Amino acid sequence: MKVHPQQIVPGCVVTKDVIGNTVTPIIPRNTVVDPIHIQVLEKFRINEVEVANKLVTGEEFEAEELTEEEQQSLQKLPFFEHFVDVVKQTRLIFENWDYRTPLDSKKIRELILPLTEQAEDKRDVILKLHHYNDPKFYMYYHMVAMAVISTYLAKRLGYDESERHGVALAAYLSDLGMLKSQKDVYLKERSIDYNEYEQIQKHPIESYRLLEKEPFNQDVKIAILQHHERLDGSGYPLGVKMDKLHRFAKILAVADMFHAMTSERMYRQKQSPYKVIEEMRKDQLTQLDTEVLNELVRCFVNFGNGTEVKLSNSEYGTIVFTDERYPTRPLVRLRKNKEILNLIDEKDLYIEEIL
């Protein structure tokens, strides 16, 4: 019979070789299962094993039914595996997309919403997303990361489940206009020139038009149109500002800037999330919604004493104290000599990453 490793008990007899990512079986047929074998199956993430219907003792073996919660849990990949898989699926959907063909909105919801729901309570995910990127396929990584970051922020801001789903969909679909007509701009191994930037400024309108007749609510569509607008009116495509900006769009603006600045591109290296947050707090206060930006900043504050970090000079250390007024500039005890650095005073140093 075929069972999941969680249903196996010591004394079960394996009737077919269990193959993982190895040349030889990780558990050969005729093996009598011990607790260590169950651990091996879990480590290799084996989903199905064939075992005899009798234990080695001769007793009948009847696998206990998994609860509904256990069944749902088994369907979930570890987050970053799930993230990369959704990026691959996104690429398959949109790489050869005929924009005259209606989108399968049901398929898109089924693809992106389980991922964003999985991440909406995991602040560490936000600080590690920039490690998962391929500059050649930046647009697809950006679409998915935008949805993840935006939904996390929406949850922190108290949005209900329906609203969070709307934010996720708006973030995921906001750059469809880029996929239609400017996708190759991001493949250039140089900064974007003025003419290219002018073309890019049109993509929110194109995204909106592509979705205008699709079965997404108006909040989603308006957020897509406004996701590059700024509070001071300096954004595009319409120069909308302040109270004319949709609340979903304010979240998308922060998520978009943060992921774009932390991601490796064909023409530049990725930047530390800590450095990016400092720049956003310094340079974007008149452009970005303060409440949304503060929720992103709290991702960094909540990594408290004992968190191990790598600094921009390649030294390693441990956070020993964080002043909430300076969340990206904690006290760090260096690993090599136990010296304590106050990053508030070390202007040229910053945290490269959380370990």
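The values are calculated or read from the model by the stated rules, or taken from the named source; none is laboratory data. Predicted model only: the values in this text are computed from it and were never measured. No Cβ is skipped: glycine too gets one built from the backbone with ideal geometry, and neighbour counts run over all protein chains shown. Surface accessibility is based on the protein's heavy atoms, side chains included, excluding ligands, DNA and RNA. Shrake-Rupley method; radii C 1.70, N 1.55, O 1.52, S 1.80 Å.
What does the charge add up to near ILE126, with Lys and Arg as +1, Asp and Glu as -1, over the other residues with Cβ less than 13 Å from its Cβ?
Numbers: positive: LYS122, ARG123, LYS128, LYS155, ARG156, ARG298; negative: GLU120, ASP121, ASP124, GLU295, GLU353.
Spelling it out: positives minus negatives among the neighbours equals +1.
Using only Cα atoms, tell me the angle between helix 105-119 and the longest principal axis of the chain; keep it within 0 to 90° and round to the nearest 10.
Result, in degrees: 80.
Kindly write out, for the stretch 142-152 in residue order, the coupling ³J(HN,Hα) from the Karplus curve 6.51 cos²θ - 1.76 cosθ + 1.60 (θ = phi - 60°), rounded to whole Hz, with x marking Gly and Pro.
Result, ordered by residue: 5, 4, 6, 5, 4, 5, 5, 5, 4, 5, 4 Hz.
Compute the convex hull volume of the Cα atoms of the stretch 85-171, divide it by the residue count, and report the result per residue in Å³ as a whole number. Numbers along the way, then the final one.
On the way: hull volume 7.8 nm³, N = 87.
Cα-based convex hull of the stretch 85-171, divided per residue, equals 90 Å³.
Quote the charge dipole size of the stretch 203-355 about the Cα centre in Debye, to the nearest 20; the model charges only the Cβ of Lys and Arg (+1) and of Asp and Glu (-1).
Numbers: 23 positive and 25 negative charges, 28 e Å.
It comes to approximately 140 debye.
Between GLN271, LEU41, ALA168, whose Cα lies farthest towards the positive end of the dipole of the chain when Lys and Arg beta carbons carry +1 and Asp and Glu beta carbons carry -1, centred on the Cα centre?
GLN271
With θ set to phi - 60°, apply the Karplus curve 6.51 cos²θ - 1.76 cosθ + 1.60 along the stretch 230-239 and write out the HN-Hα couplings as whole Hz, x wherever there is a Gly or Pro.
Values, residue by residue: 10, 4, 8, x, 8, x, 9, x, 10, x Hz.
Can you list residues whose amide H is under 5 Å from GLU353's amide H, if they're 5+ apart or on another chain and H is modeled 1.01 Å from N?
Hits under the 5 Å cutoff: LYS310.
Long-range amide H contacts for PHE61: which residues qualify at under 5 Å (H placed 1.01 Å from N, peptide plane, sequence gap of 5 or more or a different chain)?
Hits under the 5 Å cutoff: LYS54, LEU55.
Would you kindly calculate the mean projected area, averaged across all directions, of the convex hull enclosing the Cα atoms of the stretch 209-355, in square nanometres?
Numbers: hull surface 43.1 nm².
For the stretch 209-355, the mean projected area of the Cα convex hull comes to 10.8 nm².
With N denoting the number of residues in the stretch 287-333, provide Rg(C-alpha) divided by 2.2 N^0.38 Å, to two decimal places.
Working: Rg = 12.1 Å, N = 47, 2.2 N^0.38 = 9.5 Å.
Dividing the Cα radius of gyration by 2.2 N^0.38 Å gives 1.27.
For the stretch 212-281, with the dipole built from +1 on Lys and Arg beta-carbon atoms and -1 on Asp and Glu ones, taken about the Cα centre, which of LEU238, GLN218, VAL254 lies farthest toward the positive end?
Farthest towards the positive pole: VAL254.
In whole Hz and in residue order, list the ³J(HN,Hα) couplings for the stretch 317-322 that follow from phi through the Karplus curve 6.51 cos²θ - 1.76 cosθ + 1.60, θ = phi - 60°; x for Gly and Pro.
Calculated HN-Hα couplings, in order: x, 10, 5, 10, 6, 10 Hz.
Calculate, for the chain, the solvent-accessible area per residue in square angstrom, rolling a 1.4 angstrom probe over the heavy atoms of the protein chains.
Values: 18490 Å² over 355 residues.
Result: 52 Å² of accessible area for each residue.
In whole percent, how big is the carbon plus sulfur part of the accessible area of the stretch 140-240, probe 1.4 Å, protein atoms only? Numbers along the way, then the final one.
Numbers: 1800 of 4060 Å².
Accessible surface attributable to carbon and sulfur in the stretch 140-240 totals 44 percent.
Taking the Cα centre of the chain as origin, work out the dipole magnitude from +1 charges on Lys and Arg Cβ and -1 charges on Asp and Glu Cβ, in debye rounded to 20.
Numbers: 48 positive and 58 negative charges, 208 e Å.
My answer is approximately 1000 debye.
Starting from the Kirkwood radius over alpha-carbon pairs of the chain, derive D by Stokes-Einstein at 37 °C in a medium of 0.692 mPa s and give it in µm² s⁻¹.
Approximately 143 µm²/s, per Stokes-Einstein.
How much mean residue ellipticity at 222 nm does the chain get from its helices, if each DSSP H run of length 4 or more adds -39500 (n - 2.57) and you divide by all residues, to the nearest 500 deg cm²/dmol?
Working: 14 runs with 155 residues, N = 355.
Helices in the chain give a 222 nm mean residue ellipticity of -13000 deg cm²/dmol.
Report, in cubic angstrom per residue, the convex hull volume of the C-alpha atoms of the stretch 198-284. List each step's numbers first, then the result.
Working: hull volume 10.2 nm³, N = 87.
Here the figure is 117 Å³ per residue.
What does the convex hull of the alpha-carbon atoms of the stretch 139-231 project to on average, in nm²?
Values: hull surface 26.6 nm².
Dividing the Cα hull surface by four gives the mean projection, 6.7 nm².
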